[in-house]
Amino acid sequence: MSMSNVAAPGLSPENWVANYADNLFKYAVSRVSNEELARDIVQDTFVSALKAASKFQGRSTEKTWLFSILRNKIIDTYRAKAKYREVSIDTSENSEAEDVFFNTSGSWKRDKYPQDWTVNLDSDIEEKEFFQTLRGCLAKLSEKQRLVFSMKYLEGMDSEDICKEMGITPSNYWVLIHRAKLALRDCLETHWIKK
């Protein structure tokens with residue numbers, strides 16, 4: 001059976017790789033911070049899209065439809081990682097990281113107090129540099145922090161759903177998000193923001 005026999009009107013599966021593979025890959029690698037995994041997810045996206053092509057109703061563009069499938073595949077990847085991993089989070093874990101930012105009374109240290117970022121992302125070059133640095137900073141997070149942060153801020157999942165998927169309590173969730181934000185801020189200020 002040829003691809004054109006299974007595709008609904010408005011779809012051109014024979015052109016998907018040429019037209020969309022690069023953009024799908026860039027999106028996936030920015031979410032999972034692993035090129036090999038991103039390639040696998042894109043491949044799974046094309047296979048799933050091909051299987052579901054006869055159900056395409058044309059309510060969106062072909063590109064939008066493929067990106068929707070890709071986003072679901074990325075979320076499935078997060079779920080699979082959470083499911084097959086024992087997720088027990090000690091709230092004292094990585095407390096040395098917080099010591100970098102706060103004094104013993106819990107106040108910001110003078111040299112670590114959040115600064116205003118005077119960054120202009122109007123330039124395509126600056127935007128590209130920022131996202132490249134952000135990907136590098138995300139890769140430095142612990143896997144639990146990266147998963148929770150990505151599910152919340154890159155995939156837009158609800159915190160309650162993330163807790164269910166990861167098998168964690170809301171307080172564990174907030175500890176992970178808090179530490180991820182602190183670490184990302186510090187990494188971005190060190191590697192990208194010019195103070």
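The values are calculated or read from the model by the stated rules, or taken from the named source; none is laboratory data. Keep in mind that this is a model prediction, so the values were computed, not measured. Note: ideal-geometry Cβ built from the backbone for every residue, glycine included; neighbour counts use all protein chains shown.
Tally time: how many residues in the range 157-180 are under 18 Å from residue 71 (Cα atoms) and either in the same structural domain as residue 73 (by TED's automatic domain parsing) or without any contact (Cβ under 8 Å) to a residue 40 or more places away in the chain (or both)?
Total satisfying the criteria: 4.
Answer with yes or no whether residue 15 is more than 30 Å from residue 187 (Cβ to Cβ), part of a helix (DSSP H, G or I), of a type outside the set (D, E, K, R) and at pLDDT 75 or above.
It is true that residue 15 is more than 30 Å from residue 187 (Cβ to Cβ), part of a helix (DSSP H, G or I), of a type outside the set (D, E, K, R) and at pLDDT 75 or above.
Pairs only if they're at least six apart or on different chains, beta carbon under 6 angstrom, first in the range 140-153 and touching a residue at least 60 places away in the same chain (Cβ under 8 Å), second of a type in the set (A, V, I, L, M, F, W, C) and part of a helix (DSSP H, G or I); list them, first residue then second.
146/138; 151/162
Please find, within the range 44-63, the residue that is farthest from the chain's Cα centre (by Cα) out of those that are part of a helix (DSSP H, G or I) and loosely packed, with under 15 Cβ neighbours inside 10 Å. Talk me through it step by step, then tell me what you get.
Start the filter on the range 44-63 by keeping residues that are part of a helix (DSSP H, G or I), which leaves 44-55, 62-63.
Filter once more, keeping what is loosely packed, with under 15 Cβ neighbours inside 10 Å: 47, 51-52, 54-55, 63.
On the way: 47: 22, 51: 26, 52: 25, 54: 30, 55: 28, 63: 19 Å.
Per the stated criteria, the residue is 54.
Could you look through the range 18-50, keep only residues that are modelled with pLDDT under 90 and either basic (Lys, Arg) or assigned by TED's automatic domain parsing to the domain that holds residue 148 (or both), and pick out the one that is nearest to residue 144 (Cα to Cα)?
31
Within the range 64-85, is even one residue surrounded by 18 or more Cβ atoms within 10 Å (Cβ to Cβ), modelled with pLDDT under 70 and assigned to a helix (DSSP H, G or I)?
Looking for residues that are surrounded by 18 or more Cβ atoms within 10 Å (Cβ to Cβ), modelled with pLDDT under 70 and assigned to a helix (DSSP H, G or I), one finds at least one in the range 64-85, hence yes.
Which of the helices (runs of 4 or more DSSP H) found entirely inside the range 141-195 contain at least 1 residues meeting this: loosely packed, with under 15 Cβ neighbours inside 10 Å and small (Gly, Ala, Ser)?
Once the helices (runs of 4 or more DSSP H) in the range 141-195 are filtered for at least 1 residues that are loosely packed, with under 15 Cβ neighbours inside 10 Å and small (Gly, Ala, Ser), what remains is 159-166, 170-191.
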